[in-house]
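Below is one structure, written out as structure tokens; comments come after it.
Read the figures in this text as sums done on the coordinates, not as results from a lab. Everything quoted here is computed from the prediction, not taken from an experiment. Using ideal geometry, Cβ is built from the backbone for each residue, glycine included, and neighbour counts are taken over all protein chains shown.
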Amino acid sequence: MTRPPLSALDGTDYDAVVIGAGAVGCASARQLAGRGFRTLLVDRGDIGAGTSSRSSRMLYSGLGYLAARYPLWQMPFRPADMFQRLLYTREVMRCRAELVRDMPGHLTKHRFHYPFRKGDRYPPWLVDLGFRLVEALDGWRVPLAYRRLSPAKAAGESAMAAALGGPLRGVGVFQEYMYAWPERICVDTALDAERRGATIRTYAEATAIAREGEDWLVTLDERAPEMQGRAQVRARMVVNAAGPWIDRVPGGGWGKRRVIGIKGVNVMVRLPPAFRGQGLEAFSRKGEPYYVFPWRDFHFIGPTETEVSADPDDIRVEEAEIDYILAEANHLFPALRLTRADVLHCWCGVRPTSTRDGRQTSLPVEVAEDPAMPGLLAVTGSTIMLHRHAARKVARAVESRLGRRGPAPAGIIAPPDGLGTGQRVAAEHVVRLADLIRRRLPDGLEPDLGRGRAEELSRIAAASLGWSEARRQDELRHFEEDTARVYVNPDA
Ligand SMILES: Cc1cc2nc3c(=O)[nH]c(=O)nc-3n(C[C@H](O)[C@H](O)[C@H](O)COP(=O)(O)OP(=O)(O)OC[C@H]3O[C@@H](n4cnc5c(N)ncnc54)[C@H](O)[C@@H]3O)c2cc1C
């Protein structure tokens with residue numbers, strides 16, 4: 001099927017143009033289209049190819065959101081902050097329950113451990129209380145099933161607990177979910193938005209936004225290979241959902257800095273087979289959250305947390321970050337003695353955290369509108385976990401300006417049958433081979449990163465999208481270059 005030229009969109013008119021097809025933009029488009037707003041969703045690349053494909057792939061329970069970074073003794077003196085944390089944790093747990101209910105095919109459930117050691121920042125009784133509180137704040141709908149076990153009992157129940165270095169005071173055990181496939185959460189949400197009436201255009205970069213009368217004119221430039229073109233579309237409202245690139249969307253004049261980028265790195269390793277399917281949540285010796293995430297026959301470990309101001313496109317994994325992550329794993333599990341040779345690959349991303357008074361704030365999802373720019377919204381601070389919550393906030397902001405049109409969308413979203421067939425390739429906005437391998441099929445998340453079937457899948461894409469043999473070869477080269485850029489192999 002041939003992709004229509006971008007000029008086909010020139011002069012079209014929408015209630016809302018959503019810039020950015022990450023988890024937040026896709027969910028926003030679904031909310032808006034579902035509620036009856038004429039919606040256009042654009043991305044300068046593929047659906048879900050930004051930060052939403054660089055995460056730690058975990059449906060976080062709310063405990064981390066309750067944990068204040070200031071000294072514990074200050075908690076009673078900050079009631080407003082604690083109250084806000086409780087409200088936020090409740091929202092988080094509701095979103096967790098909603099995703100388990102509505103996207104079960106995109107999640108996998110795992111046993112996680114939380115080690116208690118002498119001198120920990122949080123004493124066991126406080127962590128117990130935290131887990132109970134989180135479960136009570138709507139977590140009961142999808143239990144965490146938290147228990148605190150003695151080291152001996154925990155070791156008897158799981159190989160991962162048995163391998164923890166001492167001296168241990170106990171081990172918390174709970175159930176948590178991983179995204180089987182975060183990219184597909186974005187794709188299936190975008191396709192659901194399309195079914196509800198949204199128009200989707202990938203590889204269309206928003207290069208200018210200008211006021212005209214009561215409306216906004218958004219200029220889009222073609223970024224797909226072998227194509228050129230430009231379109232100008234009109235919109236009552238513009239939703240900037242460009243994640244860590246929000247402040248870089250040109251021409252929006254978003255008023256002030258909206259996001260602070262927090263870089264994170266994850267490292268994929270092979271751990272003992274008896275650890276399969278089990279995970280760990282802990283704090284690093286620096287006091288930062290540190291995880292061991294189960295991933296098929298493997299695990300990945302991390303992340304790091306570093307504030308960055310460079311363009312997220314230029315952010316790369318540093319050697320020192322890999323060394324830090326491996327050293328923390330060896331501290332937790334001394335018998336493992338992980339080295340660089342155990343690393344399959346690493347990746348990094350930049351979290352788009354919200355700012356308040358120019359400083360990072362770890363809590364809220366913000367939908368900001370500058371009074372001088374009525375109708376331009378910027379949505380920041382959402383995780384994948386909170387993408388539906390962020391989208392509902394966007395929809396409410398649009399409704400408050402344009403009026404209510406219809407009810408919020410509901411229902412289960414599942415990956416469709418026939419993935420990877422020529423018919424689905426054409427229907428799922430695949431433009432490049434990397435889109436198909438990484439974000440439409442599970443292949444890109446396999447240990448070989450999809451290289452094993454690249455040739456076969458390039459032939460399916462070529463037949464479906466009408467590629468010449470030269471284009472097919474170009475796509476294979478591009479897939480290989482892009483894979484090596486995103487997933488670094490430290491020994492390569
Ligand atoms: C290391 C790390 C670990 C994380 N772990 C987790 C986790 O375990 N669980 C969890 O829920 N969340 C996690 N997160 C957070 C989560 O990944 C992000 O917060 C979330 O993906 C942000 O989604 P988004 O839609 O806001 O941004 P993105 O996914 O980055 O989407 C923004 C999109 O905007 C597009 N864009 C940019 N500029 C333009 C333009 N001018 N025109 C058109 N399009 C444009 C980009 O191409 C991109 O696709 C993690 C993040 C990191 C970095």
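The fewest-to-most ranking of CYS26, CYS346 by surrounding Cβ atoms within 10 Å reads CYS346, CYS26. Would you please classify the overall shape of the stretch 275-320 from the alpha carbon gyration tensor, given that a ≥ b ≥ c denote the square roots of the eigenvalues, rounded means a/c under 1.5, and beyond that prolate means a/b larger than b/c while oblate covers the rest? Cα axes put the stretch 275-320 in the oblate bin. Relative to its residue count, the stretch 143-255 spans a Cα convex hull of 238 Å³ per residue.
Packing-based ranking of 185-196, 118-129 yields 185-196, 118-129, ordered from highest to lowest mean Cβ neighbour count within 10 Å.
Helical runs assigned H by DSSP (4 residues or longer) give the chain a calculated mean residue ellipticity at 222 nm of -9000 deg cm²/dmol, each run adding -39500 (n - 2.57) before division by the residue total. Near GLY119: Cβ cut-off under 13 Å, other residues only, Lys/Arg at +1 and Asp/Glu at -1. The net charge is +4. Within the stretch 53-194, the ratio Rg/Rh, alpha carbon atoms throughout and Rh by Kirkwood, equals 1.01. Sum up the charges of everything whose Cβ sits under 9 Å from the Cβ of ALA204, counting Lys and Arg as +1 and Asp and Glu as -1, but leave ALA204 out. Here the charged neighbours net out to -1.
Normalise the Debye intensity by I(0) for the stretch 255-355, one equal point scatterer per Cα, no solvent, then take log10 at q = 0.20 Å⁻¹ and round to two decimals. The calculated log intensity ratios at q = 0.20 Å⁻¹ are -1.00. Dividing the Cα radius of gyration of the stretch 421-486 by its Kirkwood radius returns 0.93 for Rg/Rh.
Sorting HIS389, HIS106 by the number of Cβ atoms found within 10 Å of their own Cβ, with the fewest placed first, yields HIS389, HIS106. So how far, in whole Å, is the C-alpha centre of the stretch 294-309 from the one of the stretch 364-392? Between the Cα centres of the stretch 294-309 and the stretch 364-392 lies a distance of 26 Å. A simple count of charges around ASP482, restricted to other residues whose Cβ falls under 11 Å of its Cβ and scoring Lys, Arg +1 and Asp, Glu -1, yields -1. Of GLU222, GLU157, GLU481, the sequence from fewest to most neighbouring Cβ atoms within 10 angstrom is GLU481, GLU157, GLU222.
Separation of the stretch 442-475 from the stretch 93-167 is 40 Å, based on Cα centroids.
Straight-line reach from LYS393: which lysines fall under 16 Å, measuring Cα to Cα and dropping same-chain residues less than 8 apart? Straight-line reach from LYS393, under 16 Å: no lysines qualify.
Taking the longest Cα principal axis of the chain as reference, the axis of helix 182-195 is set at about 40 degrees. The share of Cα pairs per 10 Å bin across the chain, counted from zero up to the longest distance, runs 4, 19, 29, 27, 15, 5, 1, 0 percent. Seen from a random direction on average, the alpha-carbon convex hull of the stretch 395-441 projects onto 5.3 square nanometres.
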